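The values are calculated or read from the model by the stated rules, or taken from the named source; none is laboratory data. Treat the numbers as computed from the prediction; the structure is a model and nothing was measured. Using ideal geometry, Cβ is built from the backbone for each residue, glycine included, and neighbour counts are taken over all protein chains shown. When the accessible area is computed, the model is the full protein with side chains, heavy atoms only, and any ligands, DNA or RNA have been set aside. Shrake-Rupley method; radii C 1.70, N 1.55, O 1.52, S 1.80 Å.
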Amino acid sequence: MSNFSPGTGALISTVEVATQATIDAAVASAQAAFPAWSALSGAERGRILTRAAVLIREYNSEMSLLESVDAGIPVSETEFVQVLGGADCFEYYGGLASNACVTGQMMDTPHAGGHKDSFCYTRREPLGVCAGIGAWNYPVLVMSWKVAPALACGNTFVYKPSECTPLTALKIAEILKEAGLPDGVFNVVVGDRTTGPMLTRHSDVKKLSFTGSTETGIRIVKEAAETLKKVTMELGGKSPLLVFEDADVDNAVGAAMMSNWYTQGEICSNATRVFVHKSVKEEFVRKLVERTKQLKVGDPLDPLTHVGAMIMPPDNKTGHMDRVIGYIERAKADPRNKLILGGNTHTIEVAGGKGGSGNEGCYVEPTIFECTDDNSELVKEEVFGPVMSILEFEDEADAVERANDTIYGLGAGIMTNNLARAHRVAKQFQSGNVWINNYNLTPSEMPFGGYGMSGYGRECGTYAIDNYTQIKNVYVEMGDVDSSCYP
Ligand code: NAD
């Protein structure tokens, strides 16, 4: 399978598409490693994960470069946020591996039928072989959020990165080995959409964690049901950001930019529907346009770039850019939307020269529309590119109702200096994540996941432990068996 760099269109690697035999071998290797890995103490497992975090930081420059070449994300993001975010995640779960939340609880049970001193305790036990299937938009983080908690809990793992971005998962596998992870505990299989189902259907895989589109998620849930696998679904979104009249407008502009231009708009939780109060809309739009015009769109490897390249699938090099431009063109033709900035593809000159090979990157300008109808295609559907819709509101209750009028429920944001309003609105949002006076920050401590068609289960924080453990209850009788009901 060919792997292209979104920044240049150049072929950067050719990777194997795993066959059923490869998948079986990876699962068998994970299964063979499970008894010894799960028998280690949490502290011993944690030590290896913490060492991996140190190594990921040491390899940050190399990893960031790889991630930027492979995914088209500006190196300023991969180097300062995304790879370090992966390191933070391994460090967090390394520290948590021996914590009580990964072990269990003890409860007194002074009830009829048993002695008053009887009690029960729970053991959180690993599931066995877990699998992860990832999306391409921020590959190191998507993978770390699955692998680190799973290994901390004593599971072994088989991970399939997206066919668009196979490289950094392979590098993490090398780093984990260098950190002392025993062979077989973590396995990477590369492949495309024919490979994922082999993991979904595999009877020896006990848990599947998926990040990707809602459409694929639904297919996976149906297939995973055949083997009664536990599944976690991190799916798409169309999130709202509400800017109230009492907000700091400069901060609100900053939050709207962070929730639309970051990773060239290819972020599941992005707030692509920005609802702005009528009284501050003119100022908000003016400042937003002024700042957005200053963004540098271009080569992901240039440290000054703010907006990188659209992902390049192996079988259709301009596929995702074409999809995003399709949304833009249809929105331009729809009188319910007014284009106020951007709206075009963008070409750059890179090594190889204009017209030569290696300058066929996929770039889309940061694009802003003012929209008058919440039901237009642009406002309803996930575009997954740098395209923001601005909508106007006057009344808080109406804004919340409109914000919640979506099949998705991944993120939501509110910009206000009114404390009571902030919490009142946060409570009413129908989404798994709410940001007050900021947007898109995802530290490892914070649970992340969706409501509705954005999926279920939570990654990160102590909540992710539920994904990778099963609970065994042990009742302990402290007296005689009371069988007096029988002769
Ligand atoms: P996708 O659904 O096309 O593919 C995701 C992964 O699933 C890839 O590895 C692919 O090979 C695999 N796959 C495809 N068909 C499969 C099948 N039938 N069975 C098993 N595996 C299969 O998604 P994408 O285009 O890679 O990613 C973009 C989507 O991911 C967007 O909708 C975005 O919102 C979502 N996403 C969600 C989160 C989150 O945390 N909620 C994070 C990142 C991305």
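Is it fair to say Val280 is open to solvent by less than 40 Å² (accessible area, probe 1.4 Å), within 19 Å of Val387 (Cα to Cα), modelled with pLDDT of 95 or more and out of contact with any Gly (no Cβ under 7 Å at 6 or more places or on another chain)?
Details: open to solvent by less than 40 Å² (accessible area, probe 1.4 Å): yes; within 19 Å of Val387 (Cα to Cα): no; modelled with pLDDT of 95 or more: yes; out of contact with any Gly (no Cβ under 7 Å at 6 or more places or on another chain): yes.
No.
Here are some residues: Leu241, Leu235. Which one is closer than 24 Å to Asp405 by Cβ, open to solvent by 10 Å² or more (accessible area, probe 1.4 Å) and either touching a helix residue (DSSP H, G or I) at 6+ places or on another chain (Cβ under 9 Å) or more than 9 Å from the ligand (Cβ to nearest atom) (or both)? If you could, list the steps in order and put the result at the bottom.
Details: Leu241 fails: open to solvent by 10 Å² or more (accessible area, probe 1.4 Å).
Selected residue: Leu235, the only one of Leu241, Leu235 that is closer than 24 Å to Asp405 by Cβ, open to solvent by 10 Å² or more (accessible area, probe 1.4 Å) and either touching a helix residue (DSSP H, G or I) at 6+ places or on another chain (Cβ under 9 Å) or more than 9 Å from the ligand (Cβ to nearest atom) (or both).
Taking segment 100-120, which residues are of a type in the set (A, V, I, L, M), farther than 24 Å from Val481 by Cα and open to solvent by 60 Å² or more (accessible area, probe 1.4 Å)? Residue satisfying the conditions is Ala100 alone. Taking the conditions (1) surrounded by fewer than 17 Cβ atoms within 10 Å (Cβ to Cβ); (2) farther than 18 Å from Ser389 by Cβ in turn, Thr305 satisfies each one other than (1). Inspection of segment 57-71 finds a residue satisfying the criterion of being open to solvent by 30 Å² or more (accessible area, probe 1.4 Å), part of a loop (DSSP other than H, G, I, E, B) and closer than 30 Å to Leu301 by Cβ.
To keep it simple, each residue is scored yes or no on (1) aromatic (Phe, Trp, Tyr); (2) part of a loop (DSSP other than H, G, I, E, B); (3) in contact with a His (Cβ under 8 Å, 6 or more places away or on another chain); (4) without any contact (Cβ under 8 Å) to a residue 60 or more places away in the chain.
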{"residue": "Phe384", "(1), (2), (3), (4)": "yes, yes, yes, no"}
{"residue": "Ser389", "(1), (2), (3), (4)": "no, no, no, no"}
{"residue": "Ala412", "(1), (2), (3), (4)": "no, no, no, no"}
{"residue": "Asn417", "(1), (2), (3), (4)": "no, yes, no, no"}
{"residue": "Ile471", "(1), (2), (3), (4)": "no, no, no, no"}
{"residue": "Tyr486", "(1), (2), (3), (4)": "yes, yes, no, yes"}
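Against the test of being away from the ligand (no atom under 16 Å from the Cβ), crowded, with 24+ Cβ neighbours inside 10 Å and on the phi > 0 side of the Ramachandran plot, the options Gly154, Gly184, Gly180, Gly128 yield a single qualifying residue, Gly154.
Kindly indicate whether Asn433 is in contact (Cβ under 8 Å) with a residue 24 or more places away in the chain, open to solvent by 60 Å² or more (accessible area, probe 1.4 Å) and not acidic (Asp, Glu). Spelling it out, it is not the case that Asn433 is in contact (Cβ under 8 Å) with a residue 24 or more places away in the chain, open to solvent by 60 Å² or more (accessible area, probe 1.4 Å) and not acidic (Asp, Glu).
Does segment 194-214 include one or more residues that are more than 26 Å from Ala28 (Cβ to Cβ) and either within 16 Å of the ligand (Cβ to nearest atom) or surrounded by fewer than 22 Cβ atoms within 10 Å (Cβ to Cβ) (or both)? Yes, the conditions are met somewhere in segment 194-214. Among the conditions (1) under 24 Å from Thr462 (Cα atoms); (2) aliphatic (A, V, I, L, M); (3) more than 10 Å from the ligand (Cβ to nearest atom), the only one that Val189 does not satisfy is (1).
Would you check if Asp374 is open to solvent by 70 Å² or more (accessible area, probe 1.4 Å), under 30 Å from Gln428 (Cα atoms) and within 27 Å of the chain's Cα centre (by Cα)? Answer is no for this residue. If you filter segment 297-328 down to residues that are in contact with a Leu (Cβ under 9 Å, 6 or more places away or on another chain) and closer than 22 Å to Glu377 by Cα, you find that the one that is nearest to the ligand (Cβ to nearest atom) is Tyr327. Screening Cys460 against (1) of a type outside the set (Ser, Thr, Tyr); (2) surrounded by fewer than 16 Cβ atoms within 10 Å (Cβ to Cβ); (3) closer than 19 Å to Ser259 by Cβ leaves a single unmet condition, (2). Pairing residues of segment 143-168 that are in contact (Cβ under 8 Å) with a residue 12 or more places away in the chain and closer than 10 Å to Tyr468 by Cα with residues that are of a type in the set (Val, Ile, Thr) and part of a helix (DSSP H, G or I), at Cβ distances under 7 Å and at least 6 apart in sequence or on separate chains, gives Pro149/Ile465; Ala152/Val102; Cys153/Val102; Cys153/Ile465.
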